[in-house]
Structure formats: structure tokens, C-alpha cells
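The structure follows.
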Amino acid sequence: MDAGLLLRTLRQLSNQAAHIASVIRDDVDLFELLVASKGNRDDGEPDFKTLADVLIQSVFRAALNRKFPVGYVNVYGEEDGTFPVGSGKVTIEINDDPDHTRDTLRKILSANHIVEKLTRLIHENVAEEVSGSEGEVDECQGIALPHPLDIWIDPIDATKSYIQGEPSLDCVTVLVGVHYQGQPILGVMTYPFIKCQVWGLCYDGRSLNNLPKPSPDKKRHVVMSTRSDFDGTVKVFGELGYSVSAPSGAGNKLGHVIRGLAVAYYCPLASTFQWDTCGPHAILRSLGGDIVTFDKTPLSYDHSMGPNPAFIAYMTEAHLDSILKIAKG
């Protein structure tokens, strides 16, 4: 499989996903109909999904299975492909037929104008690309990737922020990660509401991406942290000159490290999942960084729905060693 073809496909689908997410979010009447509870997370906080999550993941799966031969890609995602209606669920499967999409959406929505709007969003070609997506894609042409490849999709990361709206929307990301035999090799991260997309390829000795290696301000070493462990992290790291921040979204936190806005993401709890980390991990690796457990073992990937172990995402070994020393007391 050609890496350039796969990357262009994932970028285009990510752009379409960002477009779907932003149009749905901008329509207040539409958006209020499309939020459902998923119960509580392990930390007791309520968890939600939107119809946008399910639609985006279904669009990815259908397009990738259509684009590549059987056995070349396996697509996995955070969502189970269903949306609750009354006491039951509707399974959403997208194909090339808009009429099929309309029939599926009518099982969820009664307003015909909303069904038509969503159908257009799903089946239209999105020509405009978000800024930052042009990069050096041509350099990926001709790089042969093995198969089968496993692809993790997080259709809307930071769903709670997506539901809350402004000013939290800057935290929202669409995450796509490709791994082969457990190793992350290609990632695409898209911010729908700030019109930014970054990608990275790290395979067979080649490291390519569409952004410069970040150079964080040495006068202000920022560490990303989880909100549930924020006070403890501030106390431990603040005394040693680090500034601690805990914005929403695991993908967004990893994006801060990727874009040079933080030196590391310290995640001491098993609070993230493979769909959160696979794409950003590949981008980090393309920049010389990594995501490792506290014994310096890189995160690996399969198709498990269970949580990742505690980890540190970093750009330089110096910061990794410093943070591990602090973390271990």
C-alpha cells in the first residue's frame, strides 16, 4: 500500500469529519437533538456521544473499506456504530447510496429538513482543506506500507467540550491513527474549530510530517496533566519550575506537545484509550518524541477497548528523565 495514497485519503476524510462536526455544532436546533448519554466513566463523570460521533466514524469505515482491497485495512473506533432511540438502538452503516442514509436517519429523526441536511453533509465532497494540511505529502508517495494495517478512529475527541460549545471548542479534535503489528506509524490530527491539521509518518527509517520540530520556550516548561490529578501534579511539578495545565481532551493535550506548547503530557492514571493516543503517538514519533509507560516501555496497540496504562508523552529524552524522576519521588 502506498503511504501517500493512504495519507491523502485520511486527510480528506478528516477534513470531511471536521466539516460535519462544525456544521452540526453551529446549528443549535439540530445539535440539541443529537446528544445522547453513554452513562458514567470510570471516574464517575458523565460520558456522552453525539450523532456526529457515530456518523463520522461510519463515514471513515465505509470510505476506507471502499477505497482499499479487503484485508488491507481494519478500522476500529471509539463508538459502537449505534445511536439510542427510545428504549432501543439504531445501527448506522453508511454506503454510497444517499437514500439508504436517509432511511437510516429517519429512524432517529422526525424532521425531514434535518434528515436532508445530514444526508448532504455525509455525501458531499469537501473541497476546502483546513490550514496546515498541505505539508510534504508528496514525499510519502512511493513509500510502501505493509498490510494489514489497523486504523483507530476517534471521531470527536473532547466530546464534553464539543457539547458545551464556545469557548471550549478549541480543544476538540478528530484523531486518526494507523498501526502495524502494534507500532504506530501514521497519524492525522485535525482541529475542526481552529482550522488546523497536522500529520506524521514514521515507518522503516522514514520520518515525515507537516510541521517543524517544536522548540518550547525554555523559560516556561509546561506539562499537560489530567484534571483528576491536577492538584497533585501542580504541587509536585510546580515546586521544580514547571507550569501545569489541564485542558480538555487527551488528543488536545498530546497536540500541545506536538505543536511545542508543552514539553510533556504526564498521565498518571489509566484514563485514556488507544483511539486517543495512536494517531498523536505516530506524529510524536515522526518528530523524535514518544509515548512511554513509567518504565520507559513505548505504548503498543491492538484492537482492545480497554484503557491505556499510565504514560508520559514527550519530545526530548531530557524532559522524560526529569519528569520520571519527579514522578517517582
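Quick one: in the range 309-328, of everything that is open to solvent by 10 Å² or more (accessible area, probe 1.4 Å) and not in a helix (DSSP H, G or I), which residue is farthest from L201 (Cα to Cα)? Spell out the reasoning first.
Narrowing the range 309-328 to residues open to solvent by 10 Å² or more (accessible area, probe 1.4 Å): 309-310, 314-319, 321-322, 324-328.
Filter once more, keeping what is not in a helix (DSSP H, G or I): 309-310, 314-316, 328.
Working: P309: 24, A310: 24, Y314: 17, M315: 16, T316: 18, K328: 32 Å.
Within the range 309-328, the match that is farthest from L201 (Cα to Cα) is K328.
I'm checking my understanding of the structure. Among residues of the range 259-286 that are at pLDDT below 95 and hydrophobic (A, V, I, L, M, F, W, C), which one is surrounded by the fewest Cβ atoms within 10 Å (Cβ to Cβ)?
A270
Kindly provide the set of residues from the range 148-206 that are out of contact with any helix residue (DSSP H, G or I) (no Cβ under 8 Å at 6 or more places or on another chain) and assigned to a strand (DSSP E or B), ordered by number.
Once the filter is applied, which keeps residues that are out of contact with any helix residue (DSSP H, G or I) (no Cβ under 8 Å at 6 or more places or on another chain) and assigned to a strand (DSSP E or B), the range 148-206 yields D150, Y180, Q183, C196, R206.
Scan the range 100-127 residue by residue and report those that are open to solvent by 90 Å² or more (accessible area, probe 1.4 Å) and over 22 Å from P192 (Cβ atoms).
Step one: filter the range 100-127 for residues open to solvent by 90 Å² or more (accessible area, probe 1.4 Å), giving 106-107, 110, 113, 120, 125, 127.
Passing the criteria: R106, K107, S110, H113.
Okay, next question. Please go through (1) aliphatic (A, V, I, L, M); (2) open to solvent by less than 60 Å² (accessible area, probe 1.4 Å); (3) at pLDDT 85 or above for V130 and return the number of the only condition it doesn't satisfy.
Result: V130 passes all but (3).
Hey, another quick one. Mind checking which pairs have a first residue in the range 76-89 that is without any contact (Cβ under 8 Å) to a residue 24 or more places away in the chain and part of a strand (DSSP E or B) and a second that is open to solvent by 40 Å² or more (accessible area, probe 1.4 Å) and of a type in the set (D, E, K, R), Cβ under 7 Å, 6 or more apart or different chains?
Short answer, once both residue conditions are applied: V85/K107.
Right, next: Quick check on A52: is it at pLDDT 90 or above, assigned to a helix (DSSP H, G or I) and surrounded by 15 or more Cβ atoms within 10 Å (Cβ to Cβ)? Break it down into steps so the answer makes sense when it comes.
Values: at pLDDT 90 or above: no; assigned to a helix (DSSP H, G or I): yes; surrounded by 15 or more Cβ atoms within 10 Å (Cβ to Cβ): yes.
In short, no.
Still on this structure, please answer the following. Run C196 past the list (1) modelled with pLDDT under 90; (2) surrounded by 13 or more Cβ atoms within 10 Å (Cβ to Cβ) and report the number of the one that doesn't hold.
(1)
The values are calculated or read from the model by the stated rules, or taken from the named source; none is laboratory data. Source: prediction; values computed, not measured. Note that each Cβ is placed from the backbone with ideal geometry, even for glycine, and that neighbours are counted across all protein chains shown. We work out accessible area using only protein heavy atoms, side chains counted, and drop any ligands, DNA or RNA first. Shrake-Rupley method; radii C 1.70, N 1.55, O 1.52, S 1.80 Å.
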